[in-house]
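This report concerns only the one structure given below.
The values are calculated or read from the model by the stated rules, or taken from the named source; none is laboratory data. Nothing here was measured: the structure is a model prediction, and the numbers come from that model. Neighbour counts run over all protein chains shown; Cβ positions are idealised from the backbone, glycine included. Surface areas here come from the heavy atoms of the whole protein model, side chains and all, with no ligands, DNA or RNA. Shrake-Rupley method; radii C 1.70, N 1.55, O 1.52, S 1.80 Å.
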Amino acid sequence: MESPMVVPVIDVQNETFSELWPAMVLAIKTSSFVALDTELSGLGNRKSLLAESIEDRYKAICHAARSRSILSLGIACYKKLDLKAADTYLAQVYNLTLLCSEEYIIEPQSVKFLVQHGFDFNKQYAHGIPYCKGNNKGASDHHGVHIRALFTELLRARKPLVFHNGLIDMAFLYQSFYAHLPERLTTFTADLSEMFPAGIYDTKYITEFELRFSASYLEYAYKKCKLDNSRSLTSGGSGHHVHVEFCHYAGQMSSYVDYRVCPVVDSHEGQTDICQRFSAFGWCPNGTQCPLSHDTDLIILQDEKHVDTKRKKRKRQKKRDREDAAEGSSIFDGAPENKKSHMEVDQEETDDQQKATPDLCPENVPPVDSNGNTEQGEGEKMNTESKGNGVCEDNADSRNSVKIAPTDETKMKTNTDDSVERSTADRGQEKVIDHSTGTDVQKKKAESGTHRAGFDAFMTGYIFAYSHTFVKNKEAAAVKEDCKEDEQLWLPSCRNKVYLSGKEAALNVVKSTFAKSSKAHVQKMEVVWGGRK
């Protein structure tokens, strides 16, 4: 019988930061790749974030990063275990609660979203790890134990960095822990390419353009990867499969661990009452009041059924076409030769058309959490489908925000829900920690949703690991042999390509021959590398 997978997420606060520092640095240095996710206090003007001009979008992101703050940071370190079965990873996941030491804007709808998903503002203001944004203030950032020094360790590790829809994340990380953001996008991408020479990967881009999933918001992509991987394991496929293991924490360390439960996918037989809005975009304007299902497991199964039905229809149609051609049929005489049958239209094309259509109704704009995530439970940033692609209101700019100083912690009394994450379709063949007792209670809590940067980082890392394995199996099958590869290449076709909402092309994180690195970055790299690279 299958058991739910339980992901241990280490909760890091100001009081435990020094104690956990050695473990975090070691996890980063010994990892094969690192996945990151952030929770933010707001994003500002939504319309500007989706401007037609990418340079204009960047300016809006810069304004948000300079005026808002990171509330929590998720770090998931995936280490490939060479002595285990192929594609077995040790995952170490950390959720860091942060507190900006300067004034910053916090948006009411972000607060509402985070509180609904279990974020504890009391804990943040009482125990958050302090930091200052922009360039160095006072003494050097790179001595001692603090969050900016941890970011420096991440740079020195030279590991592939993985995000889900990561442009906003990268801008906030740069502004918060590195230096003042440059004014031009080309300068920003030039800096990033030198900061992370092992490459930056965006699982939003990967699931859209490499895996070609019907939807690509984070929870959907994660569950779909888990389900496909588990089916392949069950069927005994000849290719590689992703296996995930976790550390076993005992003693004092166990008190820092927050376990995120991933229930096994249900069959949902007979259920068809899916909210099509949520199915396509990962959010619904009716939220929890929607009478239709927002169950991602059900959505995935229905999508698969639809695709399978469409595939069978295509085969039948192609067979009929061949028969007609052989008989010299003139049924289609006079019809345009390049016109597709309705059964031959790719699902991806119809999905892309649907998701790229702007929703011009302000009341349908998804509420956005501090990370730009729509109020949906799976954690997606501002884009069309799941991340706000047709968002057209500016109701989250400074006019609807309040500026908060760190001393206002007594004003931030909120009720929190320490609920359990409902986040994956897991299979028993994978390494699990069985905390399956109290399933009914966990499932009830999961309906209200939880949102943790640490768990979102874990999901992002898993999608990347699965995608790497999937592509490797596909390429091996194409050449009829499983050649030994250079793991450092990972997904070369997706390297340094960041998803852009509503755009068919990705943002390339490269240093153009027409762009120079920023002065702040050059100075910072001298500190990071001690004058050498």
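Quick check on the stretch 274-289: of everything there that is polar (S, T, N, Q) and outside any loop (DSSP other than H, G, I, E, B), which residue is least open to solvent (accessible area, probe 1.4 Å)? So that I can check it myself, show each step before the final result.
Applying the first criterion (polar (S, T, N, Q)) to the stretch 274-289 yields 276, 279, 286, 288-289.
Restricting the remaining residues to those that are outside any loop (DSSP other than H, G, I, E, B) gives 276, 279, 288-289.
On the way: Gln276: 122, Ser279: 13, Thr288: 121, Gln289: 152 Å².
Among those that are polar (S, T, N, Q) and outside any loop (DSSP other than H, G, I, E, B), it is Ser279.
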Exercise. Taking the stated definitions as given, is Cys483 modelled with pLDDT under 90 and of a type in the set (A, V, I, L, M, F, W, C)?
Worked result: yes
Problem set entry | Candidates Arg212, Arg148, Arg156, Arg231 - the one that is on the phi > 0 side of the Ramachandran plot and surrounded by fewer than 21 Cβ atoms within 10 Å (Cβ to Cβ) | Arg212
For this session: List the number of the failed condition for Val162; all other conditions in (1) assigned to a helix (DSSP H, G or I); (2) closer than 25 Å to Pro8 by Cα; (3) touching a residue at least 24 places away in the same chain (Cβ under 8 Å) hold.
Result: (1)
Problem set entry | Condition broken by Asp191, with the remaining ones in (1) part of a loop (DSSP other than H, G, I, E, B); (2) buried (at least 22 other Cβ atoms within 10 Å of the Cβ) satisfied | (1)
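Any chance you could count how many residues in the stretch 1-22 are more than 19 Å from Arg260 (Cα to Cα) and in contact (Cβ under 8 Å) with a residue 24 or more places away in the chain?
8
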Exercise. Can Phe209 be described as under 21 Å from the mean Cα position of the chain (by Cα) and without any contact (Cβ under 8 Å) to a residue 40 or more places away in the chain?
Worked result: no
